[in-house]
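> Let me give you the structure first, and then I'll get to my questions.
The values are calculated or read from the model by the stated rules, or taken from the named source; none is laboratory data. From a predicted model like this one, the values you see are computed outputs, not experimental measurements. Glycine gets a Cβ as well: all are built from the backbone with ideal geometry, and neighbour counts include every protein chain shown.
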Amino acid sequence: MCPPERELELSPETMRRMIDAAAERVVDHLSGLAEQPAIDVEGGAELSRVLAEEPPESATSYDELLDLLFERVIPKTYNTAGPGYLAYIPGGGLYHAAVADFIADAVNRYVGVWLPSPGLVQLEVNVVRWFCRMVGYPEEALGFLTTGGSLANWTGLVTARRERLPEQFLDGTIYAGDQVHHAVVKSAVLAGFPAANVRLVPSDELFRVRLGPLRKAIREDRAAGKTPFLVVGSAGTTNTGAVDDLEALADLAAAENLWFHIDAAYGGFFALTERGRERLQGLERADSLVLDPHKGMFLPYGTGCLLVRDGAALHRTHHIVADYMPQFQADPDLVDFCEISPELSRDWRGLRVWLPLKMHGLGVFRAALDEKLDLTEWACSELEKLDGIEIVARPQLSVVAFRLAPRGLDREATNRLNRDFLERINARRRVFLTATTIDGRFILRICVLSFRTHRERMEQGLDDIRAARGEALKGID
Ligand SMILES: Cc1ncc(COP(=O)(O)O)c(C=O)c1O
């Protein structure tokens, strides 16, 4: 019998058995993903209540716990890793990254500081430098991986604030289009600004920020004694996939002496493709920009990235001295992540990006992203063939937004019709779409971004949309 104080040190056999048993469940689960419903959350509240429990004093067998996870907990979900997930911004969940996490967590090395893990840190720095190169940043650019786009936006805004405003910064004002992700507004608030300091400027018919009203807002704020210091562009909005005119925003930021931040959490990785690069022109002119590898690189949730064109700005923003810390590196090629980011102890998240990129090379990611652009174009052209469908936003990247807009219905009735339309599509459970509201209009959207979504699932989705359209329209006859 193993004494309890030693029980956490597993034997080699137990370690192997745990991984083998988990791998068997995971591989079975993933092999059946395409057959699983795109959404199944009925009874979710009951499940939550049943699962709530006191802290365990006694042990439960591993197999029993795996049963609970794979038979009861994991199936009651949106199938976010499946091919039919066309909702919000899909992720994917590369298996390679899960294996990388296993390795990273099992070896549990310290990567917040360069000294204890020089090689591990370098692999993560490589990833960041590859991203810098992809967006066209110069050599002196730097960045770090976060847990997602929200925190990357927040650290971007804090960096802009620390670089451009004095310690008393409450006069500082921030500008973005009204289609910007709410993570940017939240970031501003968490960076210490009143929400009223964020100006959300109206967008044009392509859902891109309008430059005239933007200039006017800046001028008026200056006249009122405010300090405009930051303009945020969107490279792929969540609502419609719109890409702001990044070149024009960069010119405006330069003329007005503002920090230029781009939220490219959704759209940034399309820069790997030729079409994406064209549509994202100006990306490299941002002072800071956000990428979400857990979106456009298909990684599991938990990987975002902030890049800053002048890498030294990250150091100026985050450097704080403490006596117990080790000597940091003077050579700029040897990066101490805790010196350029908010975190100290953290997981080795670079490995989950590095492993799939090294195993496949960029070309495979480029091809997958190109396929998503093609599939969205195809979906849009199929939707256009349907009577009564209005295309609200054509694909700029991999989102198409649409709704049923039969003549003679007022706004409220049209919205009701579209809610019913959406429910009927999703009830078939082969694809899962979500909606948004723009100017009071309830709008459906398809976002294609999972590496598992291919033409056959899109055809099923379009069949379901056609059938649901017929049923929904019959309901108003
Ligand atoms: C354009 C955009 N920005 C920021 C975010 C927030 O990123 P995260 O969910 O990774 O925190 C999202 C999330 O979908 C997004 O689509």
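> For the structure I just gave you, tell me whether residue 404 is farther than 28 Å from residue 246 by Cα, in contact (Cβ under 8 Å) with a residue 24 or more places away in the chain and touching a Ser or Thr at 6+ places or on another chain (Cβ under 8 Å). Can you show your working first?
Details: farther than 28 Å from residue 246 by Cα: yes; in contact (Cβ under 8 Å) with a residue 24 or more places away in the chain: yes; touching a Ser or Thr at 6+ places or on another chain (Cβ under 8 Å): yes.
It is true that residue 404 is farther than 28 Å from residue 246 by Cα, in contact (Cβ under 8 Å) with a residue 24 or more places away in the chain and touching a Ser or Thr at 6+ places or on another chain (Cβ under 8 Å).
> Would you say residue 316 is of a type in the set (Lys, Arg), in the same structural domain as residue 234 (by TED's automatic domain parsing) and within 19 Å of residue 236 (Cβ to Cβ)?
Numbers: of a type in the set (Lys, Arg): yes; in the same structural domain as residue 234 (by TED's automatic domain parsing): yes; within 19 Å of residue 236 (Cβ to Cβ): no.
For residue 316, the condition - of a type in the set (Lys, Arg), in the same structural domain as residue 234 (by TED's automatic domain parsing) and within 19 Å of residue 236 (Cβ to Cβ) - is not met.
> Tell me, which residue of segment 215-260 that is among the acidic types (Asp, Glu) and not in a helix (DSSP H, G or I) is nearest to the chain's Cα centre (by Cα)?
244
> Please go through segment 263-296 and pick out each residue that is of a type in the set (Lys, Arg) and without any contact (Cβ under 8 Å) to a residue 24 or more places away in the chain. Let's see the steps before the verdict.
First, pick out the residues of segment 263-296 that are of a type in the set (Lys, Arg): 275, 277, 279, 285, 295.
If the condition is that a residue be of a type in the set (Lys, Arg) and without any contact (Cβ under 8 Å) to a residue 24 or more places away in the chain, then 277 is the only one that fits.
> A further question on this structure: Being in a helix (DSSP H, G or I), closer than 27 Å to residue 179 by Cα and without any contact (Cβ under 8 Å) to a residue 60 or more places away in the chain, is that true of even one residue in segment 451-465?
No, the conditions are met nowhere in segment 451-465.
> Considering only segment 418-437, how many residues are in contact (Cβ under 8 Å) with a residue 60 or more places away in the chain and either of a type in the set (S, T, N, Q) or surrounded by 17 or more Cβ atoms within 10 Å (Cβ to Cβ) (or both)?
7
> If I ask for residues that are more than 16 Å from the ligand (Cβ to nearest atom), over 18 Å from residue 27 (Cβ atoms) and in a loop (DSSP other than H, G, I, E, B), which ones from segment 57-93 would you list?
Of everything in segment 57-93, those that are more than 16 Å from the ligand (Cβ to nearest atom), over 18 Å from residue 27 (Cβ atoms) and in a loop (DSSP other than H, G, I, E, B) turn out to be 57, 58, 59, 60, 61, 76, 77, 84.
> Then there is this: Could you check segment 282-307 and list, in sequence order, the residues that are away from the ligand (no atom under 14 Å from the Cβ) and either touching an Asp or Glu at 6+ places or on another chain (Cβ under 6 Å) or in a strand (DSSP E or B) (or both)?
Those that are away from the ligand (no atom under 14 Å from the Cβ) and either touching an Asp or Glu at 6+ places or on another chain (Cβ under 6 Å) or in a strand (DSSP E or B) (or both): 282, 307.
> Across segment 151-200, which residue is nearest to the ligand (Cβ to nearest atom) among those that are in a loop (DSSP other than H, G, I, E, B), buried (at least 19 other Cβ atoms within 10 Å of the Cβ) and touching a residue at least 40 places away in the same chain (Cβ under 8 Å)? Full working, then the answer.
Taking segment 151-200 as the starting set, the residues that turn out to be in a loop (DSSP other than H, G, I, E, B) are 165-171, 178-181, 191-194.
Retained after the next criterion (residues that are buried (at least 19 other Cβ atoms within 10 Å of the Cβ)): 179-181, 191, 193.
Cutting the leftovers down to touching a residue at least 40 places away in the same chain (Cβ under 8 Å) gives us 179-181.
On the way: 179: 9, 180: 8, 181: 3 Å.
If we take residues in segment 151-200 being in a loop (DSSP other than H, G, I, E, B), buried (at least 19 other Cβ atoms within 10 Å of the Cβ) and touching a residue at least 40 places away in the same chain (Cβ under 8 Å), then 181 is nearest to the ligand (Cβ to nearest atom).
> Which number in (1) away from the ligand (no atom under 16 Å from the Cβ); (2) touching a Cys at 6+ places or on another chain (Cβ under 8 Å) marks the one condition that residue 210 misses?
Among (1) away from the ligand (no atom under 16 Å from the Cβ); (2) touching a Cys at 6+ places or on another chain (Cβ under 8 Å), the lone unmet condition for residue 210 is (2).
> For residue 353, all conditions in the list (1) within 16 Å of the ligand (Cβ to nearest atom); (2) within 30 Å of residue 226 (Cβ to Cβ) hold save one; what is the number of the exception?
Among (1) within 16 Å of the ligand (Cβ to nearest atom); (2) within 30 Å of residue 226 (Cβ to Cβ), the lone unmet condition for residue 353 is (2).
> If you don't mind, there's one more thing I want to ask. Can you spot a residue in segment 136-148 that is within 16 Å of the ligand (Cβ to nearest atom), in the same structural domain as residue 174 (by TED's automatic domain parsing), among the polar types (S, T, N, Q) and closer than 16 Å to residue 300 by Cβ?
Yes: one or more hits.
> Just checking, which of 74, 89 is touching a strand residue (DSSP E or B) at 6+ places or on another chain (Cβ under 7 Å) and modelled with pLDDT of 95 or more? Outline the logic, then answer.
On the way: 74 fails: touching a strand residue (DSSP E or B) at 6+ places or on another chain (Cβ under 7 Å).
So the residue among 74, 89 that is touching a strand residue (DSSP E or B) at 6+ places or on another chain (Cβ under 7 Å) and modelled with pLDDT of 95 or more is 89.
> Here's a follow-up. Can you confirm whether residue 109 is more than 16 Å from residue 303 (Cβ to Cβ) and either assigned to a helix (DSSP H, G or I) or free of Cβ contacts under 8 Å to residues at least 24 places away in the same chain (or both)?
When the stated conditions are applied, residue 109 does not pass them.
> Which residues, counting only those in segment 11-37, are under 27 Å from the mean Cα position of the chain (by Cα) and in contact (Cβ under 8 Å) with a residue 60 or more places away in the chain?
Matches in segment 11-37: 26, 30, 33, 34, 37.
> Sticking with this one: Would it be correct to say that residue 272 is touching a Gly at 6+ places or on another chain (Cβ under 7 Å), more than 16 Å from the ligand (Cβ to nearest atom) and farther than 23 Å from residue 210 by Cα?
no
> Could I ask something else about it? Residues to consider are 109, 72; find the one that is surrounded by fewer than 23 Cβ atoms within 10 Å (Cβ to Cβ), in contact with a Phe, Trp or Tyr (Cβ under 7 Å, 6 or more places away or on another chain) and of a type in the set (D, E, K, R). It would help to see each step written out before you state the result.
On the way: 72 fails: in contact with a Phe, Trp or Tyr (Cβ under 7 Å, 6 or more places away or on another chain).
Every option except 109 fails the conditions.
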